[in-house]
Structure formats: structure tokens, C-alpha cells
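K.L.:
Okay, handing you the structure first.
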Amino acid sequence: MTLVDRLIAPGATRGEIVAGFTTAAAGGLLGLAIAWRAGLSALAVAVLTVVCFDLFGGAVVNATDSAKRWYHRAGRTRVHHFAFVALHLHPFVLALVVPGFSWVAAAVTYTTVLIATVAIEFAPAALRRPVAFAVTTLGMTVVIAFLAVPAAFAWIIPVLMIKLLLAYMLPERPTPSS
């Protein structure tokens, strides 16, 4: 398995590869610029650059046809999907390096994403997409509106939720013939 197969998906098209890496690079640069502008330490700037590379790139990559086929192939279970989401410990990494991004905000963000993952995974197939959008929009609103998250970094929460809940968790359905 090549590096591109691991980072995107086996059989990714040239367009999917370009879209994924271009967005990842742009996201990494945005994270770097925002962290630098906020006056964070060099370590925090580096960490945010890497986190943003992953989140922005992952939001695009997980939405590609190749990734959908790979992550939702036969034999993949709810446990696989839950584990993929659970391994995204980004909120806790932010709490470590971003002043003002509290451990409470990290825990609530992480827990919200895990609960939303369970809701999507156990929704009837015909309702998975609307359930995913419901829990994503509700989760973003609750976390951003009720938790003290530095304004300069509040946007990371929606990007994380889009990557995991909308892009990753939703398998593609065939388009009905007309």
C-alpha cells in the first residue's frame, strides 16, 4: 500500500489526490497564519499547522468516492467507524497547546463527536444523512455557543465535525436512475 493509498484511499483519482493535498496544504497554511497572528509559541504554531493539514485535507479526502469505497467496503463494521473517529484526539491536543482552549471544551467537543457518531451509525440507512447533518449542526452550535473557546480557534470545531461526521461517517448511496 502506497503513502497516497494510506492518506487518501486505494484507487484515488488524480483529481481526488490534488483536491485532498491542495486543501490540506491550504488548511495547514491557514492554521499556521492564524496561530502565528495569535502570538502562540513555536510549538503551538507547528502543532496547529499539522492539525489543520489533517482536518482540512481529511474533510475533502473523506468525501471522495475512493475514500467512501475504502472506508465503507464490505467487512467494515461500526467498531471500525467508531475507532476511526475516537482516534481523533485533536481537541485534547488543542487544549495542550492553545491558551484558553480548556480541557472542558476539549472533553465536551470530543464527547459530542462520539455521541454524534453513535447516532449516525445507529440511524436507519435512509435517515443517516439527515441525522448526520442534524447532529453536526446541533453539536457545532452547542460547543461554540456554550463553551469558552478562543474566537481565533473556534472554527476548528466545525472543521473537525465536518471531517468526521459529514465526510467520513456517511457512505455514498447510488444515485437513482431517472
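What follows draws every value from the coordinates through simple rules; no lab data is involved. Predicted model, so just to flag it, every value in this text is computed and none were measured. Positions of Cβ are generated from backbone atoms using ideal geometry, with glycine treated the same way; all protein chains shown enter the neighbour counts.
K.L.:
Need one word for region 95-178: rounded, prolate or oblate. Basis is the Cα gyration tensor (sqrt eigenvalues a ≥ b ≥ c); a/c below 1.5 gives rounded, then a/b vs b/c decides.
P.N.:
Prolate is the answer for region 95-178, as a/c is 1.5 or above and a/b outweighs b/c.
K.L.:
In whole angstrom, note down how far apart the Cα centers of region 106-161 and region 83-101 are.
P.N.:
Using only Cα atoms, the two centres lie 14 Å from each other.
K.L.:
Follow-up. Report, in order of residue number, the helices in the chain meeting two criteria: a C-alpha extent of 15 Å or more along the helix axis, and a mean Kyte-Doolittle hydropathy of at least 0.5; treat each whole DSSP H run as one helix.
P.N.:
Membrane-span-like by this criterion, though nothing is claimed about a membrane: 14-37, 42-61, 103-122, 128-146.
K.L.:
Can you tally the net charge around Gly31? Count Lys and Arg as +1, Asp and Glu as -1, for every other residue whose Cβ sits under 14 Å from the Cβ of Gly31.
P.N.:
Taking every other residue near Gly31 into account, the sum is +1.
K.L.:
To continue, here is another question. Between Phe133 and Met1, what is the label-to-label distance in nm when each label sits 7 Å out along the Cα-to-Cβ direction?
P.N.:
Between Phe133 and Met1, the simple spin-label model gives 3.2 nm.
K.L.:
Taking only Cα atoms of region 41-137, what ratio of Rg to Rh do you get with Rh as the Kirkwood inverse-distance radius?
P.N.:
Working: Rg = 15.1 Å, Rh = 15.0 Å.
Ratio value, two decimals: 1.01.
K.L.:
Moving on to the next point. When the Karplus curve 6.51 cos²θ - 1.76 cosθ + 1.60 is applied with θ = phi - 60°, which whole-Hz ³J(HN,Hα) does each residue of region 162-172 get, with x for Gly and Pro?
P.N.:
These are the phi-based 3J(HN,Hα) values: 5, 4, 7, 8, 8, 7, 7, 6, 9, x, 7 Hz.
K.L.:
Just tell me the longest site-free run in the chain, where the sites are trypsin sites (Lys or Arg not before Pro) in a DSSP loop having at most 14 other beta-carbon atoms within 10 Å.
P.N.:
77-178
K.L.:
Sticking with this structure for a sec: For the chain, rounded, prolate or oblate, judged on the Cα gyration tensor with a ≥ b ≥ c (square roots of eigenvalues), a/c < 1.5 rounded, else prolate if a/b > b/c?
P.N.:
Because a/c hits 1.5 or more and a/b fails to exceed b/c, the chain counts as oblate.
K.L.:
Please compute the modelled spin-label separation between Leu114 and Arg37, points set 7 Å along Cα→Cβ, answer in nm with one decimal.
P.N.:
3.4
K.L.:
Based on the mean of other beta carbon atoms within 10 Å per residue, what is the order of 111-121, 44-54, most packed first?
P.N.:
Result, highest mean Cβ count within 10 Å first: 44-54, 111-121.
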